[in-house]
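Mind having a look at this structure? Questions to follow.
The values are calculated or read from the model by the stated rules, or taken from the named source; none is laboratory data. Bear in mind that the values here come from a model prediction, so they are computed numbers and not experimental data. Counting neighbours? That spans all protein chains shown, and the Cβs are built from the backbone with ideal geometry, glycine included.
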Amino acid sequence: MILHMPGTAPALLSKAALADRAAALLPEYREIIGSIPPEAGFGGIWESEMFLFYAAVKPFAPKQILESGRARGKITLILARCFPTRKSSASNTIDNRKTPPPPKRN
């Protein structure tokens, strides 16, 4: 969890500020992820966890995000939609697997 980013106001990351921002950003986030089918990704972080990251990081307008592990790429897609002005490059995702794991079958 990000506790403090040098050169930023810690108040932006307070629990109260994050809760207020999350309430304001929820409709926008729902629209961003609304067209992504659930089967686009199995495993990885949940959309609700990604929403917390989005609400915490959005005010800092990141230009580059380092992602570790991409599995099926669902969160990569969500990041691209949430932060469209970030630097797009192949170096922003690190994954040591050659191919994604097969989907779990019920």
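Let's see how each residue does on (1) modelled with pLDDT of 90 or more; (2) in a loop (DSSP other than H, G, I, E, B):
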{"site": "L3", "(1), (2)": "no, yes"}
{"site": "T8", "(1), (2)": "no, yes"}
{"site": "A19", "(1), (2)": "yes, no"}
{"site": "L26", "(1), (2)": "yes, no"}
{"site": "F51", "(1), (2)": "yes, no"}
{"site": "Y54", "(1), (2)": "yes, no"}
{"site": "Q64", "(1), (2)": "no, yes"}
{"site": "I78", "(1), (2)": "no, no"}
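When you look at F83, is it surrounded by 15 or more Cβ atoms within 10 Å (Cβ to Cβ), modelled with pLDDT under 90 and aromatic (F, W, Y), yes or no? Give the steps one after another, and end with the answer.
Working: surrounded by 15 or more Cβ atoms within 10 Å (Cβ to Cβ): yes; modelled with pLDDT under 90: yes; aromatic (F, W, Y): yes.
Judged against the criteria, F83 is a match.
Taking R70, is it modelled with pLDDT under 80 and surrounded by 15 or more Cβ atoms within 10 Å (Cβ to Cβ)?
Working: modelled with pLDDT under 80: yes; surrounded by 15 or more Cβ atoms within 10 Å (Cβ to Cβ): yes.
Yes, satisfied.
Here is a follow-up. Take G69 and decide whether it is in contact with a strand residue (DSSP E or B) (Cβ under 9 Å, 6 or more places away or on another chain) and small (G, A, S).
Numbers: in contact with a strand residue (DSSP E or B) (Cβ under 9 Å, 6 or more places away or on another chain): yes; small (G, A, S): yes.
For G69, the condition - in contact with a strand residue (DSSP E or B) (Cβ under 9 Å, 6 or more places away or on another chain) and small (G, A, S) - is met.
Can you tell me which residue is nearest to the chain's Cα centre (by Cα) among those in region 26-43 that are buried (at least 17 other Cβ atoms within 10 Å of the Cβ) and not hydrophobic (A, V, I, L, M, F, W, C)?
Filtering region 26-43 for residues that are buried (at least 17 other Cβ atoms within 10 Å of the Cβ) and not hydrophobic (A, V, I, L, M, F, W, C), the one nearest to the chain's Cα centre (by Cα) comes out as Y29.
I would also like to ask the following. Looking only at region 39-49, how many residues end up being over 24 Å from A23 (Cα atoms) and modelled with pLDDT of 75 or more?
Going through region 39-49 one residue at a time, the tally reaches 0.
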